[in-house]
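Participant: First the structure, then my questions, so here it is.
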Amino acid sequence: MKKAGIAAGALVVAMSAVVPVHAEMRCGWISNVMPSSLSIDDRDATWSIATIDRTADDFEKMPDTNRGDTCGCVTGTTDKQSHRFTKITGGKILPAATCQRDKSLAQAIARRDGR
């Protein structure tokens, strides 16, 4: 009986070691205004994706963006305290009208621009 309990406990520990951290999707304005700087403004905050000092892991999974603001979604793991992506798992570009219709994103841009 004791061996079965130890084996079950070891299985739980082994399984918890391989459970991935859940990715989340953040949608809003992807800002590409400076070289080596990329962020996304969503309804909650401005999330850093890449800076001159640090780039999220698997950055190559980011969708291509043009200079300026692009509407889109970024999926990955984030550090909620520092508001930055730590790993990118995917993303997609959306029509600009999608972000323009979302009133919470207008508030996000005003917050970012200090208005």
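Read-outs throughout are calculated quantities, based only on the coordinates presented, and are distinct from any laboratory measurement. Small disclaimer: the values here were computed from a predicted structure and weren't measured. Quick reminder, even Gly has a Cβ in these numbers, built from the backbone with ideal geometry, and neighbours come from all protein chains shown.
Participant: Ranked from highest to lowest mean number of other Cβ atoms within 10 Å per residue, what is the order of the peptides 94-103, 47-56?
Facilitator: Per-residue Cβ counts within 10 Å, averaged per peptide and sorted highest first, yield 47-56, 94-103.
Participant: Using a 7 Å offset from Cα along Cα-Cβ at residue 113, what residues in region 56-72 end up with backbone N under 18 Å from the label point?
Facilitator: The answer is 67-72.
Participant: Please give every one of the aspartates and glutamates within straight-line cross-link reach of residue 87, meaning a C-alpha to C-alpha distance under 18 Å, and leave out same-chain neighbours fewer than 8 residues apart.
Facilitator: Those aspartates and glutamates meeting the cut-off are 24, 41, 42, 53, 57, 58, 60, 64, 79.
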